[in-house]
Every structure is written in structure tokens, then in C-alpha cells.
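Working notes, beginning with the structure itself.
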Amino acid sequence: MKKIIIAINLILISQCLMAQNPAAGKSVAGVTVFTNAKIFVGNGREINNGSLVIENGKITSVSEGDISANYASAKKVNVGGKHIYPGLISPVNALGLTEIEAVRTTSDYQEIGQLNSNVRALIAYNTDSEVIPTVRSNGVLITQATPEGGLISGRSSVMYLDGWNWEDALLKADDGVWLNWPSKMTTSFDFTTGTREAKKNENYQTTVEELNKFFAQAKLLATENNVYDNLKLSAMNGVLKGNDRLYIQIGNDKEALEAISFCVAQQIKFPVIVGAVYSETAINALKENNVPIIIPSTHRLPAKADSDVWEAYKLPAKLFGKGVLVGMHYNDSYWRTRNLPFVAGTAVGHGLTKAQALSMITINNAKILGIDKEVGTLEVGKHATFIVSEGDILDMRTAKVTQAFIKGAEVSLDDKQKRLAEKYNSKYGIK
């Protein structure tokens, strides 16, 4: 049996190795002017007929009308009335860290043990993943390679979805440490009756005390300027000094409140809550303590049996209304993150404007990850990382990405699904 499993794994791995992914995009020298475009800057500003100018991988102008005459020697691209958006940002993701969920040898997003603050996700990021082009084709150009498991999972990094290796793809290294807040409740499953039973987590307080002890030791090490070598503790320096984020994954409102109180007590400068909160108490705590939140997809079941069936769709507008900085991630499988613009777009029918929905997956995510000086909006001085779509990128009925650029280099939009479609359309004579 073991030999059969090993053989299957080797076959699947060999298929991954034989896959032909598109080459990394090549930068174009000189100035390029994109004209006749509907430009969505990402900060709420929209230009119905504008021009976007890029040079050496940076945006140099975003203007009304056709200004191509001002750049006589520039390359000129008439997009024919299509829409230009900032590259979409997908945080909280195992994209590039796992290839086939059922094959353990293709996954590298989790380490054994409970306290793994020294683990770095960026060195496991695989730019040759067959999944990356399929996500890129829907306009997602930036991901946050995020470790999983344990109490403290490790450090994430922000990566571009293009490059020959992880060094090429890197946008921001070690942007934050990931903490999985302990649950107050545990669930057991009875196979004889097919029922689940929820009960109080008897180890909750012990785990919280363990966290307090770990942070106290890390603080002591930081003040002593690393007088002894401890990788797990020294990896917390960036969080404790206010340079890096502390991302805290929570399961409900009570856990969010506990996590915020913990961060206040530990004097964490940049905490980020990851999960959904619904109560006024929890939302007010976010606002009062200036804590941003990354919420999961709108496409999910209500938290409780008696909850409003539309609560997930209404949550973004509720958080915006309270003045909370809110971003969004797609929490159901790394490969499904290509649907991020559509799950953000469905919030538009429940109190959010299209500009706000777009901001959740562009500038808000950029601010939360600390990369808003480089990406998130189409503004002068930022990276020329953007997409061109035939229609509204938030609507799956009209969204069709025709071009994508990362730091000024046009990246291929070919992917495995497109090749398979072309193959079988050709077989059956479908046009």
C-alpha cells in the first residue's frame, strides 16, 4: 500500500514539474502611454476618459483626456474604452506555498510545534506554481504568503504573482507575525451518532498565560539587544518595536475582544484582526483602538443558527460605517482566491458603494499590509502594477482581464485552464 501511495505522489509531482508556466514578464524601457481608458484610481476617484503614463516601472501621470501628444517618442496604447484598475491584493493566502492539497509533498505552509515565530514563508514561495497564473488571470497580482498552524504560525511576506524566483517576486519581506488566538470553546464529533458537541476549552487560560510569558521573554531579549541567541524570541523584535504587524486570527467577537485587550496590554503598535466580528462592542473596540480588520469572503454561512442570513454581505458596510479600516481576503482554498473581486463586489448590493468594495481589495489591503506607498492605487510615484479589463472587475458577468502589468512589465495571462479549454474546443470544433 505504501508503495502505491509513493508511486501516486511521484506521478503527481512529475506532472507539476513538467508543467509549462509562462515566463516572467519583461520590463519595457522608455515611456508608455495608455489612452482612451476608464481609470479607477482606487481611492474613490474615477476618470471616464483618461490617460495613464508609466516609465521605468513607475506611474508618472494619471490625467483626464488624451495626453499622448505630450510624449512624442513614447509607446502609445489605446485601450479602446476598457477599464484600468490597480492590481488586486489577496492577503491571508497559501498561494505559492501549496500546489496540490491532497499531496503533502507539494505543500510547505506549516511547521510542527506551537511557537514558530522564526518561520519565514517567503523562502517557500514557489513562482512556478501552476495555480498562480489562474489567479493572475482574474486581476489578482499581489498575494500575502501566509504560514498556518500552531499558536504562532510564523512570518508572512507580500509577494508579486510574477518572477523567476521568490527574490524576484518579493514586495515586502516578513511583514508580520501570525498568531492564532486560542478558542474558548472546543468541538468534538461523535461518530456513532453523527453529532457535534461544543464544550468549554479547559486549556484556554493556560494558553493565554503561555502567550503572555512568550511575549514577556521576547521583550526582555529585545531590550537586552540580543545578548543571547534565540531565534523564536528575536523574530518578535519587529512586532514589539512597531515595525511589523501582529496578525491575529479570531473565531468570534469574544475572541476579538480578548485579542485586542492582549495587544493593548502588550503595547503592540500594529495589531490586525483577521476574521469576522458582528457585535457593536467588538466593532467599537476596533475603532477605539485603531485596529484594522481583514474579513473573510461574503460567500459564507451565517455565524449562528439565528443570525441574519445576509449578515456576511452586510458586514463590510457596517464596518465602513463605523470608520474601521477593513480589507478582505478569500478564505476558502488558495486557488479560489481568483474570485476575490467577485465576493467583494457582492457587498455592493448590501450597503457598500463600488468604490468602497474596490478599496477593500486594493488600497485598504495595501494599508493594512504596509505596502500602500508602493501599490494599492494608481498614483504618481507608485509601482505600475495594474490590470486592464473589458468591464467591471467586481462583476463576473463583465469582468474580463485582457492585460496585466507588474512594475511596468506586462505579464502573461495564459494559464492551465485556458490551455485545456483551447485543447478541447479544438477537439470538438467549438469556437
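Among N56, A72, N36, whose Cα projects farthest towards the positive end of the dipole of segment 18-72, with charges put on the beta-carbon of Lys, Arg (+1) and Asp, Glu (-1)? Towards the positive end, the residue furthest out is N56.
Return a whole-number percent for the relative contact order of the chain, with Cα pairs under 8 Å and 6 or more residues apart as the contact set. Could you put the intermediate results ahead of the total?
On the way: 942 pairs, mean separation 81.8, N = 431.
Reported as a whole number, the value is 19 percent.
For K304, the lysines whose Cα comes closer than 28 Å to its Cα, not counting residues fewer than 8 places off in the same chain, are K184, K199, K200, K254, K287, K314, K318, K322. The distance from the alpha carbon centre of segment 70-118 to that of segment 364-431 is 11 Å, rounded to a whole number. Model label points for S61 and Y428, set 7 angstrom from Cα along the Cα-to-Cβ axis, are 5.0 nm apart. Peptides 302-308, 332-338, 62-68 ordered by packing proxy, namely the average of other Cβ atoms within 10 Å per residue, highest first: 332-338, 62-68, 302-308. Divide the volume of the convex hull around the Cα atoms of segment 191-280 by the residue count and you get 142 Å³ per residue.
Give the label of the value calculated from the structure for mean projected area of the Cα convex hull in nm², choosing from (1) 25.7; (2) 21.5; (3) 27.6. Correct label, based on the coordinates given: (1). Among S51, S279, S117, the residue with the largest mean-square fluctuation in a Gaussian network model of the chain, with springs joining Cα atoms closer than 10 Å, is S279.
Return the percentage of antiparallel bridges among DSSP beta bridges fully within the chain, rounded to the nearest 5 %. Approximately 60 percent, going by the DSSP bridge assignments.
All other residues with a Cβ under 11 Å from the Cβ of R300 taken together, and with Lys, Arg as +1 and Asp, Glu as -1, what is their net charge? Write out the running numbers ahead of the final one.
Numbers: positive: none; negative: E311, D332.
Once positives and negatives cancel, what remains is -2.
Under a model in which nothing but the beta-carbon of Lys, Arg (+1) and Asp, Glu (-1) is charged, the chain shows a dipole of about 680 debye around its Cα centre. Database remark: amide H of V77 closer than 5 angstrom to the amide H of V33, F34, T35 (H placed geometrically; neighbours at sequence offset of 5 or more, or on other chains; Pro and chain starts carry no H). Build a GNM of the chain with springs between Cα atoms under 10 Å apart, and of I47, I361, I387 the one that fluctuates most is I47.
Our coupling estimate for segment 109-120, obtained by passing each phi through the Karplus curve with A = 6.51, B = -1.76, C = 1.60 and θ = phi - 60°, is 10, 8, 10, 6, x, 9, 10, 10, 4, 7, 6, 10 Hz, Gly and Pro reported as x. Judged by the mean number of other Cβ atoms found within 10 Å, the most tightly packed of the peptides 232-238, 108-114 leads the ranking 232-238, 108-114.
Each residue, T105 and A23, gets one label point 7 Å from its Cα in the Cβ direction; the gap between the two is 3.0 nm.
Taking the charge dipole of the chain about its Cα centre, with +1 at Lys and Arg Cβ atoms and -1 at Asp and Glu Cβ atoms, the residue from I273, A285, I89 reaching farthest to the positive side is I89. Projecting the Cα atoms of A355, N425, V411 onto the charge dipole of segment 314-431, computed from C-beta unit charges around the Cα centre, puts N425 farthest toward the positive end. Highest mean packing first, where packing is the average number of other Cβ atoms within 10 Å per residue, the peptides 204-212, 28-36, 241-249 line up as 241-249, 28-36, 204-212.
Send over the Kirkwood Rh of segment 152-247, from the inverse of the averaged 1/r over different Cα pairs, rounded to one decimal Å. Provide the component values of the computation, followed by the final result.
Working: mean 1/r = 0.0611 Å⁻¹.
Here the Kirkwood hydrodynamic radius works out to 16.4 Å.
State to the nearest 20 debye the size of the charge dipole of segment 277-431 about its Cα centre, where the only charges are +1 on K and R beta carbons and -1 on D and E beta carbons.
Values: 21 positive and 16 negative charges, 98 e Å.
It comes to approximately 460 debye.
Placing dummy labels 7 Å off each Cα toward the beta-carbon, the span from K322 to N48 is 3.8 nm.
Backbone geometry of segment 330-347 corresponds, through the Karplus equation with coefficients 6.51, -1.76 and 1.60 at θ = phi - 60°, to 3J(HN,Hα) couplings of 9, 9, 10, 6, 4, 6, 7, 5, 4, 8, 3, x, 6, 6, 5, x, 5, 6 Hz, x marking Gly and Pro.
Coordinate-derived values only; no laboratory data. Everything quoted here is computed from the prediction, not taken from an experiment. Cβ coordinates were reconstructed from backbone atoms using ideal geometry, including for glycine residues, and neighbour counts include every protein chain displayed.
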